[in-house]
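S.K.: This is the structure I want to talk about, given as structure tokens.
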Amino acid sequence: SSSMRLASYKVPYENDDFSNYGDLSITVLNGFGGNLNSNVNRWRRQLGLKPKPLSDIMNDSIEQINEIGKYYIFKIRNDNNPDSAFICAIMSTVNSTIFVKLNAKSEKIDKLEKPFLDFCQTFVMK
């Protein structure tokens, strides 16, 4: 749905029912894709939340390592917006920044967290 998206996936909540699903996008930006603070706060604003300082953002992050290297996972939800919550990953390479973002109903985001983490572990550089 966006010219910036490298890939889009429908992520079913349960039983492969694609009539009710989350939206996973992968976007790759050449070069530096902005700092963690600006990207996470942009996602927070998309959910109607106020920005947070970097120290709070990092305290709420999950640090992971895959074949690309160290990356960060951010789970963002607004309790006043049950229709949308995000789990996002930011992976940096020498030449690009990879953003993986899952948009799902807030009540389903916790259930989708492990599959999202597993998916992010599959990224490799070729």
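S.K.: Would you point out the residue of segment 27-71, among those that are in contact (Cβ under 8 Å) with a residue 40 or more places away in the chain and open to solvent by 80 Å² or more (accessible area, probe 1.4 Å), that is nearest to Cys88 (Cα to Cα)?
M.R.: Looking only at segment 27-71, we keep the residues that are in contact (Cβ under 8 Å) with a residue 40 or more places away in the chain, and these are 27-34, 36, 39-40, 43, 46, 62, 64, 66-68, 71.
Restricting the remaining residues to those that are open to solvent by 80 Å² or more (accessible area, probe 1.4 Å) gives 30, 32, 46, 67.
Numbers: Asn30: 18, Phe32: 17, Gln46: 13, Glu67: 18 Å.
Filtering segment 27-71 for residues that are in contact (Cβ under 8 Å) with a residue 40 or more places away in the chain and open to solvent by 80 Å² or more (accessible area, probe 1.4 Å), the one nearest to Cys88 (Cα to Cα) comes out as Gln46.
S.K.: Here's another thing I want to ask about it. Looking at Thr122 and the list (1) open to solvent by less than 20 Å² (accessible area, probe 1.4 Å); (2) more than 20 Å from Lys52 (Cβ to Cβ); (3) outside any helix (DSSP H, G or I), which single condition is not satisfied?
M.R.: (1)
S.K.: A further question follows. Of everything in segment 91-115, what is of a type in the set (Val, Ile, Thr), touching a residue at least 12 places away in the same chain (Cβ under 8 Å) and farther than 17 Å from Asp23 by Cα? Give them in sequence order.
M.R.: Thr93, Thr97
S.K.: Are any of the residues in segment 38-57 touching a strand residue (DSSP E or B) at 6+ places or on another chain (Cβ under 8 Å) and small (Gly, Ala, Ser)?
M.R.: So the first thing to find is which residues in segment 38-57 are touching a strand residue (DSSP E or B) at 6+ places or on another chain (Cβ under 8 Å), and the list is 39-40, 43-44, 46-47, 49, 57.
From what's left, small (Gly, Ala, Ser): none.
So far as segment 38-57 goes, no, none of its residues is touching a strand residue (DSSP E or B) at 6+ places or on another chain (Cβ under 8 Å) and small (Gly, Ala, Ser).
The values are calculated or read from the model by the stated rules, or taken from the named source; none is laboratory data. Since the model is a prediction, treat every value here as computed from it, not as a measurement. Neighbour counts are summed over all protein chains in view; Cβ atoms, including those assigned to glycine, are modelled from backbone coordinates with ideal geometry. Just the protein is used for accessible areas: all its heavy atoms, side chains included, with ligands, DNA and RNA removed. Shrake-Rupley method; radii C 1.70, N 1.55, O 1.52, S 1.80 Å.
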